[in-house]
1. With part of a helix (DSSP H, G or I), farther than 21 Å from Leu112 by Cβ and touching a residue at least 12 places away in the same chain (Cβ under 8 Å) as the only criterion, which of Leu44, Leu70, Leu57, Leu52 stands out?
2. I'm trying to understand the selection: among the residues of the stretch 59-72, which are surrounded by 13 or more Cβ atoms within 10 Å (Cβ to Cβ) and at pLDDT below 90?
3. For the stretch 73-85, name all the residues that are closer than 29 Å to Tyr121 by Cβ and assigned to a helix (DSSP H, G or I).
4. In the stretch 111-141, which residues are in contact (Cβ under 8 Å) with a residue 40 or more places away in the chain and loosely packed, with under 14 Cβ neighbours inside 10 Å?
5. Among the residues in the stretch 342-362, are any out of contact with any Lys or Arg (no Cβ under 9 Å at 6 or more places or on another chain), in contact (Cβ under 8 Å) with a residue 24 or more places away in the chain and not polar (S, T, N, Q)?
6. Scanning for something farther than 18 Å from Leu160 by Cα and touching a helix residue (DSSP H, G or I) at 6+ places or on another chain (Cβ under 9 Å), does the stretch 342-349 turn up at least one residue?
7. Please determine whether any residue of the stretch 104-120 is in the same structural domain as Phe40 (by TED's automatic domain parsing) and farther than 22 Å from Leu46 by Cβ.
8. Could you tell me which residue of the stretch 143-175 is surrounded by the most Cβ atoms within 10 Å (Cβ to Cβ), considering only residues that are free of Cβ contacts under 8 Å to residues at least 24 places away in the same chain and under 20 Å from Phe78 (Cα atoms)?
Amino acid sequence: MNTININALLVILIFGSLILLAFLNVTNPLKVNKKANFWFGIFLFLWATFWLEEITLLIWKENLNGYLALFFHYIQFFTPIVYFISVVFFTNPNYRFHKTYQKYLILPIIFLILLLLQKLYDLENSNIFQLLIIGIILIQVLFYSIKSYLLIRKHQKKILVLFSNTSEINLNWLEYIILSILSISIIISVYNLFFNPLTLNVYMNVTFLILIYVIAYNSLKQKDIFPFDELKRNQIISINEEEQFTEQKKKIVSDDELLILKSKLEDLMIKQEPYLDSELNLIKLSELLNITSHQLSYVINSGFNENFFQFINKYRVEKAKKLLVNEDLNSLSILGIAFESGFNSKTSFNTIFKKITNNTPSDFKKMSSKL
């Protein structure tokens with residue numbers, strides 16, 4: 001099979017995979033992260049159109065042309081915008097876009113005008129027009145890639161205020177999409193200057209196909225990030241925002257009440273061991289303590305100088321240490337110890353345990369057995 005045939009097969013696999021994945025995300029059979037998955041599916045559909053011209057060439061032996069080609073080139077311009085919208089709803093499903101966002105339509109309008117001028121006045125071969133179009137596309141991609149990346153990083157910090165286990169809701173895979181696509185784009189630009197573009201297409205299409213399968217795996221297994229009703233979701237999202245300004249925010253409880261609640265919380269953690277619930281979150285614990293989630297967040301932050309994630313996992317590590325040195329549990333694996341301590345995976349257990357104790361669970365067990 002020659003290079004051309006291999007590349008044709010790769011193009012068909014890429015296009016078909018993206019269309020199928022787009023359909024699964026838009027229809028969202030599991031009904032999780034509804035708005036985010038809908039927009040992510042639209043993003044995948046727009047991404048698929050980048051291979052549409054090669055598909056039409058394979059089927060009809062001719063390229064897209066005329067205003068149909070112009071239409072697809074125009075909607076492709078919205079790909080990074082739609083990706084950003086999906087990230088927004090992954091990090092805040094209750095988000096409402098404001099009228100001020102209309103300013104972001106300026107670049108798409110300019111891009112449409114340039115495409116129409118290029119078509120009407122037959123300027124496809126004009127270097128100036130090509131540079132203008134490429135420049136606007138690059139600005140658009142970089143702008144929304146950076147905004148999406150920063151939003152994901154902010155989300156990764158914010159969930160530490162609300163959840164005790166974050167490995168399945170940290171959206172790392174969305175961050176990797178941005179970094180991967182930007183890296184591939186740079187490689188393509190450099191490679192085209194020095195090597196055979198046809199060979200590049202094969203290597204890049206293989207890379208894209210692998211990336212698409214990784215995206216498919218992660219997007220379809222992504223848990224609902226905020227599995228609460230709208231009222232509770234609004235409560236915890238507002239706590240997210242407040243936690244960024246801990247120094248300035250007003251006291252939610254008095255100093256005397258803070259001491260009382262701090263004592264009650266410590267008593268609850270020791271007697272009921274709620275941290276053994278791997279799905280424990282701020283709302284669940286606040287209900288056990290019979291206070292609001294805002295009050296609990298304030299008590300943990302001001303009373304213990306920790307966020308929710310640190311507070312809960314400190315107890316889990318202490319529990320794990322007791323289990324690790326218990327000779328009656330020698331037959332229990334490290335993963336078993338992790339589950340018994342409230343962790344939901346061996347990876348998160350090892351990472352958090354080492355961060356707190358400066359030793360891995362295995363090393364801690366070996367050191368304890370020598371004492």
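1. So the residue among Leu44, Leu70, Leu57, Leu52 that is part of a helix (DSSP H, G or I), farther than 21 Å from Leu112 by Cβ and touching a residue at least 12 places away in the same chain (Cβ under 8 Å) is Leu44.
2. Leu64, Ala69, Leu70
3. Matches in the stretch 73-85: His73, Tyr74, Ile75, Gln76, Thr79, Pro80, Ile81.
4. Scanning the stretch 111-141 gives a single hit, Leu116.
5. Within the stretch 342-362 (the criterion being out of contact with any Lys or Arg (no Cβ under 9 Å at 6 or more places or on another chain), in contact (Cβ under 8 Å) with a residue 24 or more places away in the chain and not polar (S, T, N, Q)), the answer is no, since none of the residues qualifies.
6. Looking for residues that are farther than 18 Å from Leu160 by Cα and touching a helix residue (DSSP H, G or I) at 6+ places or on another chain (Cβ under 9 Å), one finds at least one in the stretch 342-349, hence yes.
7. yes
8. Within the stretch 143-175, the match that is surrounded by the most Cβ atoms within 10 Å (Cβ to Cβ) is Ile146.
The values are calculated or read from the model by the stated rules, or taken from the named source; none is laboratory data. Bear in mind the structure is a predicted one, so any value in this text is a computation, not a measurement. Here the Cβ is made from the backbone with ideal geometry for all residues, glycine too, and neighbour counts use every protein chain on show.
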